[in-house]
Amino acid sequence: MSNEHGNYLTNPKGIWSWLTTVDHKRIGLMYLLFVAISFALGGIFAMLLRLELFFPGQQFFTAKEYNQLFTLHGAVMVFLFIIPSIPATLGNFFLPIMIGAKDVAFPKLNLASLYIYVFGAIFCLASIFLGAVDTGWTFYTPYSTTTDTSVVTMTMGAFILGFSSILTGVNFIVTIHKMRTKGMGWFRMPLFVWSLYATAVIQVLATPVLGITLFLLILETTVGVGIFDPVLGGDPVLFQHFFWFYSHPAVYIMILPAMGIMSELVTTFCKRNIFGYRFVAYSSIAIAIIAFLVWGHHLFVSGQSDYAAMIFSLLTFLVGIPSGIKVFNWMATMYQGSIELKTPFLYFLSFIFLFSIGGFTGIMLASLSLDVYFHDTYFVVAHFHYVMMGGTVIAFLGGLHYWWPKMFGKMYSEFWARIACLFIFVGFNMVFFTQFLLGAKGMPRRYYNYLDQFQPLHAFSTVGTWVLGAGFFIMLFYMLHSLFRGQRAPQNPWGGLTLEWQTSTPPSVHNFDETPIVTGGPYDYGKEDAHV
Amino acid sequence: MKTEKLVGHGWFPQAATDAASGPDSLFYFIYILSIILFIGILFALGYFLVKYKRSPKNMQATGQLIHHPLLEVAWTVIPFILVMIIFAWGYRDFLKMSIPPVDAMELRITGKKWLWQIEYPRYGVKTVGEFVVPVDTPIKLIMSSEDVIHSFFLPNFRVKRDVIPNRYTRIWFQANREGVFQVFCTEYCGAGHSEMLATLRVVSNEEFKEWLKVGSSGGDIPLPQLGEKVYTKYACNTCHSIDGKTGVGPTWKGLYGANRVTESGSVKADDNYIRESIINPNAKLVKGYSPVMPSFAGLLSDREIDAVIEFIKAQK
């Protein structure tokens, strides 16, 4: 499908044209590359630390090296991978196309976000060589202000990455408000766009708090201003409040876009209008607001007042309900559909399975008396991996397989994609379901050494990482194969109705040859004159 | 006596307190509800996948249902009621576990890298790494840290609370049976975090009184054996190996009589040097090691210090 401008991948040509591009699609792809590298790096750290835990006692690493490994795994996965993952890659690429725009509202700012991300990432990676951080990704004081590792470099990196996140958020909010094409009313927007909107609101409002917190931490470590360290007259628990005031909403920065992808997958692969469009759209916003009021559930055992704990527990239960209802909505959308079991839909099903388990265990952790027991055990580790990896990463993979043909104009091997999905699903459950059992039996997290009685479970979990890793390796190979040898993708391989499927593949430089005019909802399956 | 195993009793370690029935039964309540709901979800997914699979006969969706008021009200209201029950249940037991009875026996817990120190103010007794309490007696722990944040976790009692510098936190429990139970540190605190363990021994009232009299001192054990006991009890083994491996601190193997290189010169590791290093660890710090060892002044009796010296002597 050529046209007057040619497709965005080859026009214009040359490395320099990529480095200076303001095309949201190219920026999205470059983010995809960096995010994928970060994921591989974080994954390698994870596999190494699981290897160390195969047996109790010292195997390959010293205690300090192990502590550095789990810190780097967490920090890289959170700050470099999962926060930018969906919004900066798939969001950047498809948000403007889905609302019929030529680009985001501030294309140059978009490129600036990418460079700020790279700059921040350099700090984070440099910290590995300057005495890798051993504080855990949460940087709890006063441990973080007294350790001799490079906390300042790493937090400086996270501080810089925060600006990238804020600027992307601002850009998306303005784009959604101002750049919608003719006829694209708020309630005709695809739900992925709604979820990106809610995400952007959190990015803009919460990230500055992290910035301030990390900045205060840097002030304390370098200049000795007493804010968190009791020796200097500070309060260490204050840091935890500040930190989670950002980092809990950040959990929703991670999961909301994933939920948006789920809505796109279920409608396209069932040929169905979404069940309860308005509820799904509004609940993203509701979740984004309540998300700011639940941070205290990370502090149930930290000595905050019992009444504060009560309120935080109550609000945590309330924020869980919209997420649960969304799952029901997606399932109801399958009813009377025409379901095609392609790879993206396999990821949809995996998400429902894994995210449900994450949700049920979330209810357990929101209960005060149970959280006292589970806090800082492997139970919590398993829970947030079920939500973050079983939820966000699985949905990200689903979205990637869904939009891959559009992004690159190439198909991938459906057979190998299914095999990889199976490996990832089985491996993931081996690794993390085991950790629910470990945690319930009292195994604390961040332990280099452990009691002999936990060894069989730890070993099984470690074997799971090999299955999981194999799944990602298979994916790497068929994705590379697709890029170089893949079959040409048709314009609309899955029969989607949203605007990105109506334009050429890969899209032209300006997304559309003619500005599209929208006359119906995004999922009007079953109507003969479905929009455009 | 061996510490009771945590695994092998269903989901949780075997409870040693009546209060555990609160959280345990709440867990099973949520667990059973979740399994019912999860089976429902899987069944619905499976049914839809088979029934509505795309086929030449089913190329288009046969219906486009987008609202069903009764269903939507049901799946909003029922979960809401259930989570409110769960919330109230969790809060009730949380309060019970937070508020100690007024007649509880008070113990002071101090956490520091990487050991637990327990003091019995009423009896003037102090121990490290192992503490002993009478059965069927409410015990209140008043806890604080000397360095970073730690967290005191008693799995068999379902209690845990962070131990924070410059602030007191408290927990309480009441054992309903005798036994030896595991204590973990659950707030990450550095290289020795996973070694920051302790044991809680629950004994009868008579045994407890007996222990108060003799248990806390070394008694008549020969010095090297007493030294070996101190080595594990006071968690020296967290940082100092006796097989030559370098840990957070120097190994004790071949230490006695060797020359130690410090920042300011060299010193022979004789009795006086070892004693000084126990009382004031940073006075003559061996080059290459961090000043992280806490002082054991007032924790070890003179006889116990002698015992440690004898024990080190024996590690050739």
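The values are calculated or read from the model by the stated rules, or taken from the named source; none is laboratory data. Quantities reported herein were computed from a predicted structural model and do not represent experimental measurements. Using ideal geometry, Cβ is built from the backbone for each residue, glycine included, and neighbour counts are taken over all protein chains shown.
See the values below:
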{"quantity": "Output for the range A:367-381, where each listed residue is among the acidic types (Asp, Glu), surrounded by 24 or more Cβ atoms within 10 Å (Cβ to Cβ) and closer than 13 Å to B:Glu187 by Cβ", "calculated": "none"}
{"quantity": "Residue in the range A:393-406 that is at pLDDT 95 or above, in contact with a Gly (Cβ under 7 Å, 6 or more places away or on another chain) and of a type in the set (Lys, Arg) present", "calculated": "no"}
{"quantity": "The range A:61-75 - residue that is of a type in the set (Ser, Thr, Tyr) and in a helix (DSSP H, G or I) and, of those, surrounded by the fewest Cβ atoms within 10 Å (Cβ to Cβ)", "calculated": "A:Tyr66"}
{"quantity": "Within the range A:328-338, tally of residues that are assigned to a helix (DSSP H, G or I) and buried (at least 20 other Cβ atoms within 10 Å of the Cβ)", "calculated": "6"}
{"quantity": "Criterion: at the interface with chain A (Cβ under 9 Å from one of its Cβ atoms) and in a helix (DSSP H, G or I) - qualifying residue of B:Phe43, B:Phe48", "calculated": "B:Phe48"}
{"quantity": "Options B:Lys229, B:Lys245, B:Lys316, B:Lys253; residue that is surrounded by 14 or more Cβ atoms within 10 Å (Cβ to Cβ), on the phi < 0 side of the Ramachandran plot and in a loop (DSSP other than H, G, I, E, B)", "calculated": "B:Lys253"}
{"quantity": "Odd one out for B:Tyr91 among (1) surrounded by 12 or more Cβ atoms within 10 Å (Cβ to Cβ); (2) out of contact with any Phe, Trp or Tyr (no Cβ under 8 Å at 6 or more places or on another chain); (3) of a type outside the set (D, E, K, R); (4) assigned to a loop (DSSP other than H, G, I, E, B)", "calculated": "(4)"}
{"quantity": "Count of the range B:174-195 residues which are of a type outside the set (Phe, Trp, Tyr), within 20 Å of A:Lys441 (Cα to Cα) and under 15 Å from the mean Cα position of the chain (by Cα)", "calculated": "9"}
{"quantity": "Selection within the range A:13-41 - surrounded by fewer than 20 Cβ atoms within 10 Å (Cβ to Cβ), small (Gly, Ala, Ser) and part of a helix (DSSP H, G or I)", "calculated": "A:Ser17, A:Ala36, A:Ala40"}
{"quantity": "Cβ-Cβ under 8 Å pairs, at least 6 apart or on other chains, the range A:14-37 side in contact (Cβ under 8 Å) with a residue 60 or more places away in the chain, far side among the charged types (D, E, K, R) and assigned to a helix (DSSP H, G or I)", "calculated": "A:Val22/A:Lys108"}
{"quantity": "Meets criteria (hydroxyl-bearing (Ser, Thr, Tyr) and more than 21 Å from the chain's Cα centre (by Cα)) for A:Tyr412", "calculated": "yes"}
{"quantity": "Considering residues of the range B:1-20 that are out of contact with any Asp or Glu (no Cβ under 9 Å at 6 or more places or on another chain) and outside any loop (DSSP other than H, G, I, E, B) only, the residue farthest from the other protein chains (Cβ to nearest Cβ)", "calculated": "B:Asp18"}
{"quantity": "Within the range B:285-316, considering residues that are touching a strand residue (DSSP E or B) at 6+ places or on another chain (Cβ under 8 Å) and hydrophobic (A, V, I, L, M, F, W, C), the one farthest from B:Ile242 (Cα to Cα)", "calculated": "B:Leu299"}
{"quantity": "Enumeration of residues in the range A:210-227 that are more than 18 Å from A:Ser150 (Cα to Cα) and surrounded by 19 or more Cβ atoms within 10 Å (Cβ to Cβ)", "calculated": "A:Leu210, A:Ile227"}
{"quantity": "Qualifying residue in the range A:261-271 (condition: closer than 16 Å to A:Thr199 by Cα, among the hydroxyl-bearing types (Ser, Thr, Tyr), touching a Ser or Thr at 6+ places or on another chain (Cβ under 6 Å) and more than 9 Å from chain B (Cβ to nearest Cβ))", "calculated": "no"}
{"quantity": "Pairs where the first residue, in the range B:66-88, is under 30 Å from A:Lys271 (Cβ atoms) and facing another protein chain (nearest Cβ under 7 Å) and the second is assigned to a helix (DSSP H, G or I) and at pLDDT 95 or above, C-beta under 6 Å, 6+ apart", "calculated": "B:Trp75/A:Phe328"}
{"quantity": "Filtered residue count, the range B:32-91, keeping only those that are at pLDDT 95 or above and of a type in the set (S, T, N, Q)", "calculated": "1"}
{"quantity": "The range A:402-435 - residue that is hydrophobic (A, V, I, L, M, F, W, C) and touching a strand residue (DSSP E or B) at 6+ places or on another chain (Cβ under 9 Å) and, of those, nearest to the other protein chains (Cβ to nearest Cβ)", "calculated": "A:Met411"}
{"quantity": "Per-region count, the range B:233-242, residues outside any loop (DSSP other than H, G, I, E, B) and more than 14 Å from chain A (Cβ to nearest Cβ)", "calculated": "2"}
{"quantity": "Residue in the range B:204-222 that is in a strand (DSSP E or B) and either within 27 Å of A:Pro444 (Cβ to Cβ) or in contact with an Asp or Glu (Cβ under 8 Å, 6 or more places away or on another chain) (or both) present", "calculated": "no"}
{"quantity": "Enumeration of residues in the range A:104-135 that are buried (at least 22 other Cβ atoms within 10 Å of the Cβ) and in a loop (DSSP other than H, G, I, E, B)", "calculated": "A:Val104, A:Val133, A:Asp134, A:Thr135"}
{"quantity": "The range A:271-286: number of residues that are in a helix (DSSP H, G or I) and out of contact with any Lys or Arg (no Cβ under 9 Å at 6 or more places or on another chain)", "calculated": "6"}
{"quantity": "Within the range A:334-366, considering residues that are aromatic (Phe, Trp, Tyr) and more than 9 Å from every other protein chain (Cβ to nearest Cβ), the one farthest from B:Leu49 (Cα to Cα)", "calculated": "A:Phe355"}
{"quantity": "Hits in the range A:310-331 - residues which are facing chain B (nearest Cβ under 7 Å), among the aliphatic types (A, V, I, L, M) and touching a residue at least 24 places away in the same chain (Cβ under 8 Å)", "calculated": "A:Met310, A:Ile325"}
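Residue by residue, here is whether (1) crowded, with 22+ Cβ neighbours inside 10 Å; (2) modelled with pLDDT of 95 or more holds:
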{"residue": "B:Trp114", "(1), (2)": "yes, no"}
{"residue": "B:Lys126", "(1), (2)": "no, no"}
{"residue": "B:Val135", "(1), (2)": "no, yes"}
{"residue": "B:Asp162", "(1), (2)": "yes, yes"}
{"residue": "B:Pro165", "(1), (2)": "no, no"}
{"residue": "B:Tyr168", "(1), (2)": "no, no"}
{"residue": "B:Gln182", "(1), (2)": "no, yes"}
{"residue": "B:Thr186", "(1), (2)": "yes, yes"}
